[in-house]
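To start, the structure itself, in structure tokens.
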Amino acid sequence: MKKPLLYTLITAIIVLIITLNYIFFSNLQNLEISLERILSIMSTLVLTGALIMSIRGFQKSNNISKSTFLLELREKFGTERRHKVHKTLKSGEIVEDWVDLDDYLRLFEVCEMMIKNRTIEFQDFEKLYKYRLGNILHDKKVVFCKLVEEADSWDDLYGLLNRCFPDCQQEFNDLKNLKSKDVKISDKEFSDIMDRVHQKLSLTTR
């Protein structure tokens with residue numbers, strides 16, 4: 001449950017309790033209170049308490065579910081094939097198995113979908129895996145072969161990159177637009193775009 005909605009519910013509950021107390025003591029002073037009215041007020045208070053407990057229970061259950069998904073995601077990233085791709089990109093070596101690379105990149109697209117439907121929180125993903133996206137962006141060959149030549153196939157990956165590196169959105173749009181220009185990997189325009197990306201990445205990681 002989103003925090004603004006939770007705060008609204010809590011505020012409404014507090015106002016309700018204060019109102020009921022006012023009615024109760026006002027009627028008590030006028031000696032007009034009946035057993036039926038007392039039972040009605042007590043029932044309302046019990047229901048209010050049950051509502052608060054339900055909200056807290058839902059929050060706890062929701063947090064447990066998100067933690068479970070994060071643990072499962074960690075296992076997915078930790079498979080032998082994906083860990084090998086991660087180590088290769090992290091060390092700046094040449095990626096040799098492009099099938100495994102595709103599998104690794106597709107997992108990031110799954111992450112973007114999970115963030116969109118709030119299965120996991122973006123802040124949690126950012127803390128745990130954002131740096132891996134940075135490793136991908138530092139490999140110009142991977143960026144060109146996947147994000148440029150196959151730009152139409154990686155919409156969710158682009159979405160995740162824009163989410164994690166908002167300062168580079170213009171550069172990411174420029175990369176997607178290169179496909180129609182039939183450029184080579186040594187093309188100056190591509191290199192200029194990547195230089196701007198790397199410069200902004202270095203500024204955000206200081």
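The values are calculated or read from the model by the stated rules, or taken from the named source; none is laboratory data. Everything quoted here is computed from the prediction, not taken from an experiment. Note that each Cβ is placed from the backbone with ideal geometry, even for glycine, and that neighbours are counted across all protein chains shown. Note: accessible area is taken over every heavy atom of the protein model, side chains too, but ligands, DNA and RNA are not part of it. Shrake-Rupley method; radii C 1.70, N 1.55, O 1.52, S 1.80 Å.
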key: Residue that is open to solvent by 20 Å² or more (accessible area, probe 1.4 Å), of a type outside the set (Val, Ile, Thr), on the phi > 0 side of the Ramachandran plot and out of contact with any Leu (no Cβ under 6 Å at 6 or more places or on another chain), where the choices are 118, 196   = 118
The range 97-124: number of residues that are of a type in the set (A, V, I, L, M, F, W, C) and assigned to a loop (DSSP other than H, G, I, E, B) = 1
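So in the range 83-96, with the set limited to residues that are touching a residue at least 12 places away in the same chain (Cβ under 8 Å) and in a loop (DSSP other than H, G, I, E, B), which one is most open to solvent (accessible area, probe 1.4 Å)? If you could, list the steps in order and put the result at the bottom.
To start, the set of residues in the range 83-96 that are touching a residue at least 12 places away in the same chain (Cβ under 8 Å) comprises 84-86, 89-90, 92, 94-95.
Applying the additional criterion that residues be in a loop (DSSP other than H, G, I, E, B) yields 92, 94-95.
Details: 92: 64, 94: 126, 95: 12 Å².
If we take residues in the range 83-96 being touching a residue at least 12 places away in the same chain (Cβ under 8 Å) and in a loop (DSSP other than H, G, I, E, B), then 94 is most open to solvent (accessible area, probe 1.4 Å).
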task = Kindly provide the set of residues from the range 154-175 that are open to solvent by 60 Å² or more (accessible area, probe 1.4 Å) and more than 13 Å from the chain's Cα centre (by Cα), ordered by number.
result = 155, 166, 167, 169, 170, 173
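Quick one: is residue 109 open to solvent by less than 30 Å² (accessible area, probe 1.4 Å), farther than 24 Å from residue 203 by Cβ and not aliphatic (A, V, I, L, M)?
Spelling it out, residue 109 is indeed open to solvent by less than 30 Å² (accessible area, probe 1.4 Å), farther than 24 Å from residue 203 by Cβ and not aliphatic (A, V, I, L, M).
Yes/no matrix, rows are residues, columns are (1) open to solvent by 30 Å² or more (accessible area, probe 1.4 Å); (2) modelled with pLDDT of 95 or more; (3) in contact with a Pro (Cβ under 6 Å, 6 or more places away or on another chain):
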| position | (1), (2), (3) |
| --- | --- |
| 133 | no, yes, no |
| 139 | no, yes, no |
| 144 | no, no, no |
| 148 | no, no, no |
| 151 | no, no, no |
| 177 | yes, no, no |
| 182 | yes, no, no |
| 189 | yes, no, no |
| 201 | no, no, no |
